[in-house]
Amino acid sequence: MIDIKSNLLQINEKIRNAEAKTGRKENSVKLMAVSKFHPIEEIQQAINCGQLLFGENRVQEANQKFPELFQNNQNIELQMIGVMQSNKVKNAVKIASCIQSVDRIDLLNEIEKQCAKIEKNINILFEIHTGEETKSGFECFEDVQMALNLFSENKFPHITPQGFMTMAPFTEDKSLIHKSFETVYNLSQKLQQQFPSFDLSELSMGMSGDFEIAIEHGSTLVRVGTAIFGERDYSKK
């Protein structure tokens, strides 16, 4: 039996220790509980322990679970963190406060279109590719720069860019993990200087196996699933 309460306490303690170790302000790093392939009952357990921010990878699964959870817990927040197909945007913007996995301008166009239909504003993060070839994300600085230029021209009035997200390589080589997070931090600093009218300070970096390294490199939000809920039940895939 997974002890979600104990796991949350341990992870929050590790986050606070990592903040202190790196000279960060206490509570400068938020914890997102990634609930992919975990049932409503386990998510509710986490909510009962005070966890309010959740991340889901798949829009269909999120739509099956979170309307009921929102009804019973009005103070929780859901963000989408998985690869976002254009045909899933319509349902994603209805339930999410943020789409973290924006990896192309075409996707921004679709998010704006669907948000305009329901008169909703949504936050986004630009996903930066720093991991395996199979992972998604913007691959060059110029493409993110181009996207932000479109925001400067008010092309996306229903969307607020808030920062950046990445997935580090799945490897035992910690130097590659450090490099991944450092790359995104440096990119964020450069783009914040170029686009001072936007607050691009959110850095969603770090998961169960590497979030302490991510905090060293300025992460403001860590995405933790397995370390909270245990191994996923892939039979629900």
When the chain is modelled as a GNM with alpha-carbon springs shorter than 10 Å, which of MET80, MET146, MET167 fluctuates the most? MET146
Helix-only CD estimate at 222 nm, as mean residue ellipticity for the chain, using -39500 (n - 2.57) per DSSP H run (n ≥ 4): -13500 deg cm²/dmol
Could you work out the percent of alpha carbon pairs in the range 23-144 separated by over 17 Å, rounded to a whole number? 60
Among SER208, SER152, SER188, which one shows the highest mean-square fluctuation when the chain is modelled as a Gaussian network with alpha-carbon springs under 10 Å? SER152
With the chain treated as a Gaussian network of Cα nodes joined by springs under 10 Å, which of PRO169, PRO67, PRO39 yields the largest mean-square fluctuation? PRO67
Count neighbours as other Cβ atoms within 10 Å of each site's Cβ, and list the GluC sites (Glu not before Pro) in the range 143-217 that are DSSP loop with at most 16 such neighbours. GLU153, GLU172
Mean separation of Cα contacts under 8 Å (at least 6 apart) over the residue count of the range 145-237, i.e. the relative contact order in percent, is 24
Which of the pairs LYS36/LYS113; LYS36/LYS65; LYS135/LYS179; LYS90/LYS113; LYS88/LYS120 have their Cα atoms more than 19 Å apart in this structure? LYS36/LYS113
Membrane-span-like helices in the chain: DSSP H runs reaching 24 Å or more (Cα, own axis), mean Kyte hydropathy at least -1.0? 4-21, 174-194
Can you order the peptides 222-229, 11-18 by their average number of other Cβ atoms within 10 Å per residue, highest first? 222-229, 11-18
The chain: D in µm²/s via Stokes-Einstein (Kirkwood Rh, Cα pairs, 4 °C, 1.567 mPa s)? 71
Compute the signed sum of charges (Lys and Arg +1, Asp and Glu -1) over the other residues within less than 13 Å, Cβ to Cβ, of GLU216. +1
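Any read-out appearing in this document is the output of simple, stated calculations on the displayed coordinates, not a laboratory observation. Predicted model only: the values in this text are computed from it and were never measured. Note: ideal-geometry Cβ built from the backbone for every residue, glycine included; neighbour counts use all protein chains shown.
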